[in-house]
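Trainee: I'd like to ask some things about the structure below.
The values are calculated or read from the model by the stated rules, or taken from the named source; none is laboratory data. None of these values were measured; they are calculated from a predicted model. All Cβ positions, even for glycine, are placed from backbone atoms using ideal geometry, and neighbour counts span all protein chains on display. Surface areas here come from the heavy atoms of the whole protein model, side chains and all, with no ligands, DNA or RNA. Shrake-Rupley method; radii C 1.70, N 1.55, O 1.52, S 1.80 Å.
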Amino acid sequence: MSKPLLLSLFICVLIISCTKTVTETVTNTVIKKEIVYLQKRDDTLMRVKLPKKNGDLYQFKILKNDTIFRAEKDSTRYKPSFERFDSIHNVKATFENKHINVERHDEYIQVAETKNIVSKNTAGLAFKYVLKRLTQRYQDYKVSGLAGTKHNLQFFRPENLKNPAYELNFYTDALRIYEKEGYLLTTIFGCCTSLPIYQIFDFKGKFIFNSNNLIKRINTEYGHYLISVLKNEVYDHITVVIQDKHQSKQYITLSDEIHNYEFGANYQLKINDRKKIEKVDYDKPLETYNLKSLDDLEIWIPFGKADTLKIPFKNEKAFGVDYPQVKVTLQKHKKPAN
């Protein structure tokens, strides 16, 4: 074989080898610590097309990230002011409905209720309780103008209704009881550009989850997940959080460019076997969906005026990435190929 022919053959093999390497890199979508997706609207993992005519293709880079947004829980914001007001006027909890005029312009309201619930422990064993709930609310018009609410819960076993098995107190604006899920959800309302704070506890008072957005619970064949979106303020970029039944979390932080400054519209669920998108409902701070697997849904984040980032799941991991913290950045867009 002549030298020119041998040299040509070597160059050809080299070109084929390099092409294969690049192809494998794109196919696996993993480049060292970066994971790159070019997404289209055909609902595949690799591509999402913008919902407009002759739209551009956007490239999203998913990076492994070790610095994420965290929301600290605060469950005693109203406790000092409530106890101060309580001690000044010497109001006692009675578990009876009362409207107490404590001063000329101030008021103190107690609302009591009783209900039967079933609580399950970690092994799945069910225990019946009689729950007495006392909600106390004051409005201090004369001095500070502040209001406060205290939720006092007493859990009784049916065979002993005189002495509570245990008692829980929450100092928040509102508290909801989700008996089927075994959750207590407290709410501290936001004001101006601050956001409401939602906290989930079990019936024993153990802290479960914290968010400043509406929460979705996904029941699956082998477990359950809590999904929500975190922010510092209304117009900040967002962090999606997914927590499994063991309270292990995965975070997806979005860069500033992936944002449309419409807080109520940037968090939607698309369930695979349903045509409609499950949008947020502010009358339902916690909603439950029953699916076979987390892979049966996508989280949709609208950004810009008409664009949507879709977060799919593979092996019950966002984007199929088995890493607790990732960051999605928007790369330069380019025109689709003809």
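Trainee: Residue by residue through segment 149-172, note down the ones that are under 29 Å from the mean Cα position of the chain (by Cα), open to solvent by less than 20 Å² (accessible area, probe 1.4 Å) and hydrophobic (A, V, I, L, M, F, W, C).
Mentor: LEU153, PHE155, PHE170 - these are the residues of segment 149-172 that are under 29 Å from the mean Cα position of the chain (by Cα), open to solvent by less than 20 Å² (accessible area, probe 1.4 Å) and hydrophobic (A, V, I, L, M, F, W, C).
Trainee: Do you know which residues across segment 228-255 are surrounded by fewer than 16 Cβ atoms within 10 Å (Cβ to Cβ) and among the aliphatic types (A, V, I, L, M)?
Mentor: Within segment 228-255, VAL234 is the sole residue that qualifies.
Trainee: Collect the residues in segment 225-244 that are within 13 Å of GLU287 (Cβ to Cβ), touching an Asp or Glu at 6+ places or on another chain (Cβ under 9 Å) and either not in a strand (DSSP E or B) or not hydroxyl-bearing (Ser, Thr, Tyr) (or both), keeping them in residue-number order.
Mentor: Result: LEU226, single match.
Trainee: Out of the residues in segment 76-93 that are open to solvent by less than 50 Å² (accessible area, probe 1.4 Å) and not hydrophobic (A, V, I, L, M, F, W, C), which is modelled with the highest pLDDT?
Mentor: ASP86
Trainee: A follow-up question, please. Right, SER87: out of contact with any His (no Cβ under 9 Å at 6 or more places or on another chain), touching a residue at least 40 places away in the same chain (Cβ under 8 Å) and small (Gly, Ala, Ser) or not?
Mentor: Against the criterion (out of contact with any His (no Cβ under 9 Å at 6 or more places or on another chain), touching a residue at least 40 places away in the same chain (Cβ under 8 Å) and small (Gly, Ala, Ser)), SER87 does not qualify.
Trainee: Looking at the structure I just gave you, is ASP307 open to solvent by 10 Å² or more (accessible area, probe 1.4 Å) and without any contact (Cβ under 8 Å) to a residue 24 or more places away in the chain?
Mentor: Spelling it out, it is not the case that ASP307 is open to solvent by 10 Å² or more (accessible area, probe 1.4 Å) and without any contact (Cβ under 8 Å) to a residue 24 or more places away in the chain.
Trainee: Quick check: is even one residue across segment 105-119 more than 19 Å from TYR166 (Cβ to Cβ), touching a residue at least 40 places away in the same chain (Cβ under 8 Å) and of a type in the set (Ser, Thr, Tyr)? Walk me through it before giving the result.
Mentor: Residues of segment 105-119 more than 19 Å from TYR166 (Cβ to Cβ): 105-111.
Narrowing the set further to residues that are touching a residue at least 40 places away in the same chain (Cβ under 8 Å) leaves none.
No, segment 105-119 has no match at all.
Trainee: Can you name the residue in segment 273-297 that is in a loop (DSSP other than H, G, I, E, B) and in contact (Cβ under 8 Å) with a residue 40 or more places away in the chain and is also surrounded by the most Cβ atoms within 10 Å (Cβ to Cβ) among such residues? Explain how you work it out, then say what you get.
Mentor: Going through segment 273-297, the residues in a loop (DSSP other than H, G, I, E, B) turn out to be 273-276, 279-285, 291-293.
Now restrict to residues that are in contact (Cβ under 8 Å) with a residue 40 or more places away in the chain: 280-282, 284-285, 291-293.
Details: VAL280: 18, ASP281: 9, TYR282: 8, LYS284: 12, PRO285: 21, LEU291: 17, LYS292: 12, SER293: 15.
Only one residue tops the list, namely PRO285.
Trainee: Filter segment 189-208 for residues that are farther than 15 Å from LEU175 by Cβ and surrounded by 16 or more Cβ atoms within 10 Å (Cβ to Cβ) and give the result.
Mentor: LEU195
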